[in-house]
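Read the structure below first, then the notes.
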């Protein structure tokens with residue numbers, strides 16, 4: 001029978017110690033990012049974030065996956081319940097969740113909600129059939145309109161906009177609540193006159209509608225919108241560039257919200273640090289992963305439109321890089 005001498009035991013212990021970091025590196029932490037429908041911009045944006053984080057998985061052991069969802073309210077609800085670690089959300093819904101109002105009225109404030117970074121602006125977009133006689137927002141009254149399913153961000157935002165105009169759902173001939181995957185076909189089949197979508201541009205389902213039938217994008221502005229933007233810090237003016245969709249040859253002015261990446265305070269500082277680092281250390285690659293990301297600026301992502309406090313992991317990275325100065 002072989003015996004391990006005291007010296008051999010020391011050598012064996014040292015050998016195991018040397019192997020330990022590699023063993024730990026093989027252990028993985030799994031995180032999920034809540035996004036939106038597969039035809040929107042949230043889904044590919046979440047995919048771009050996960051792609052960069054997963055490429056450096058051997059360094060930090062974090063594996064990232066993307067979850068398709070109903071949108072901002074669903075994401076925030078799942079995040080709060082611990083079903084997601086990270087989520088994309090509209091800045092207005094983030095504000096309402098953090099303070100416990102608006103869509104989340106009657107619920108306790110989500111005080112553990114934390115921002116990671118801001119992304120792009122999401123325009124309140126009205127896509128109308130060209131033969132529907134809708135050239136301005138006021139023309140929607142009495143028409144057939146889709147406002148999105150009840151768990152979506154646009155459903156909430158359109159409700160806020162209608163209230164500002166003094167409208168109720170009874171002011172329309174028909175109000176449908178189709179998901180984004182279905183509203184282009186409903187428009188081109190003449191089952192609705194217009195659909196509302198709060199989204200970054202270019203967008204796949206709007207392209208689908210424009211390629212299948214003749215559509216227009218309806219500008220939204222005037223005193224009502226000016227007051228909404230002035231009274232709510234999470235709203236901003238947004239212009240949709242000309243030429244993004246067939247038949248839309250002029251810039252369309254509207255307003256909207258920001259798309260923000262959020263998490264919970266209890267999520268590990270190291271996880272959020274590594275996620276933030278993966279995006280910002282590979283920024284030139286990140287902005288090439290989807291057309292809507294192309295115009296992002298690091299400084300704006302850190303300081304503009306965040307509706308809850310920064311997570312300590314994101315704050316740590318931004319301080320290291322001098323982005324919070």
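Using a Gaussian network for the chain with springs between C-alpha atoms less than 10 Å apart, which of these wobbles most: 203, 170, 190?
Answer for the Gaussian network model of the chain: 170.
More than 27 angstrom separation, counting every C-alpha pair in the chain; what % is that? Present the calculation step by step, with values, prior to reporting the outcome.
Numbers: 24710 of 52650 pairs.
Considering the chain, 47 percent of its Cα-Cα pairs are separated by more than 27 Å.
Taking square-rooted eigenvalues a ≥ b ≥ c of the alpha carbon gyration tensor, is the range 31-148 rounded, prolate or oblate, where a/c under 1.5 means rounded and, failing that, a/b exceeding b/c means prolate? Write out the running numbers ahead of the final one.
Details: a/c = 2.93, a/b = 1.59, b/c = 1.84.
Oblate shape, in that a/c is at least 1.5 and b/c is the bigger or equal ratio.
Is the C-alpha gyration tensor of the range 116-258 telling us rounded, prolate or oblate? Criteria: a/c under 1.5 is rounded; beyond that, a/b larger than b/c is prolate, otherwise oblate. Spell out each step's value before the answer.
Numbers: a/c = 1.42, a/b = 1.16, b/c = 1.23.
Because its axes are fairly even, with a/c under 1.5, the range 116-258 counts as rounded.
Hey, what angle do you get for helix 42-55 against the long axis of the chain, alpha-carbon based, 0 to 90 degrees rounded to 10?
Approximately 20 degrees, to the nearest 10.
Let me check the size of the range 244-292 from its C-alpha atoms; what are the radius of gyration and Dmax in Å?
For the range 244-292, the Cα radius of gyration and maximum Cα-Cα distance read 16.7, 48 Å.
Would you mind classifying the range 212-298 by shape? Square roots of the alpha carbon gyration tensor eigenvalues, ordered a ≥ b ≥ c; an a/c under 1.5 is rounded, otherwise it is prolate if a/b is larger than b/c and oblate if not. Intermediate values should be presented prior to the final figure.
Numbers: a/c = 3.09, a/b = 1.55, b/c = 2.00.
Note, shape of the range 212-298 comes out oblate.
So what is the 222 nm mean residue ellipticity for the chain from helices alone, if each DSSP H run of at least 4 adds -39500 (n - 2.57) and you divide by all residues, rounding to the nearest 500 deg cm²/dmol?
Details: 13 runs with 128 residues, N = 325.
Computed ellipticity for the chain at 222 nm equals -11500 deg cm²/dmol.
What FRET efficiency comes out for the pair residue 174/residue 55, r = Cβ-Cβ distance, R0 = 45 Å, nearest 0.05?
On the way: r = 47 Å, r/R0 = 1.05.
The pair residue 174/residue 55 has a calculated efficiency of 0.45.
So which residue, out of 47, 106, 151, gets the largest mean-square fluctuation from a GNM of the chain using Cα contacts under 10 Å as springs?
106
If one takes the longest principal axis of the Cα atoms in the chain, at what angle in degrees, from 0 to 90 and to the nearest 10, does the Cα axis of helix 6-26 lie?
10
What is the spin-label model distance, in nm, from residue 325 to residue 239 if the labels are put 7 Å beyond Cα along the C-beta direction?
About 3.3 nm separates the two model spin labels.
Given the Cα-Cα distance of residue 312 and residue 181 and 0.36 nm per residue of separation, how much length would full extension add, in nm?
This chain segment gains 43.5 nm when fully extended.
Between the helical axis of 153-165 and the dominant principal axis of the chain, each derived from Cα atoms, what acute angle in degrees is found, rounded to the nearest 10?
The angle comes out at about 40 degrees.
Find how much the distance from residue 231 to residue 191 grows on full extension, using 0.36 nm per residue of separation minus their present alpha carbon separation; answer in nm with one decimal.
Numbers: separation 40, 0.36 × 40 = 14.40 nm, distance 3.55 nm.
Full extension from residue 231 to residue 191 adds 10.8 nm.
Using Cα centres only, tell me the gap between the range 182-217 and the range 237-308 in whole Å.
The range 182-217 and the range 237-308 have Cα centres spaced 23 Å from each other.
Report relative contact order for the chain in percent, whole number only (criteria: Cα-Cα under 8 Å, sequence separation at least 6).
Details: 630 pairs, mean separation 74.6, N = 325.
Reported relative contact order: 23 percent.
Highest GNM mean-square fluctuation, the chain, Cα pairs closer than 10 Å: which of 44, 219, 241?
Greatest mean-square fluctuation among the candidates belongs to 241.
Between residue 299 and residue 105, what is the label-point separation in nm under the 7 Å Cα-to-beta-carbon projection?
Spacing of the two 7 Å Cα→Cβ label points: 3.9 nm.
Every read-out reported here was derived from the displayed coordinates using simple, explicitly stated rules and does not represent laboratory data. Since the model is a prediction, treat every value here as computed from it, not as a measurement. Positions of Cβ are backbone-derived with ideal geometry, glycine not excepted, and every protein chain shown enters the neighbour counts.
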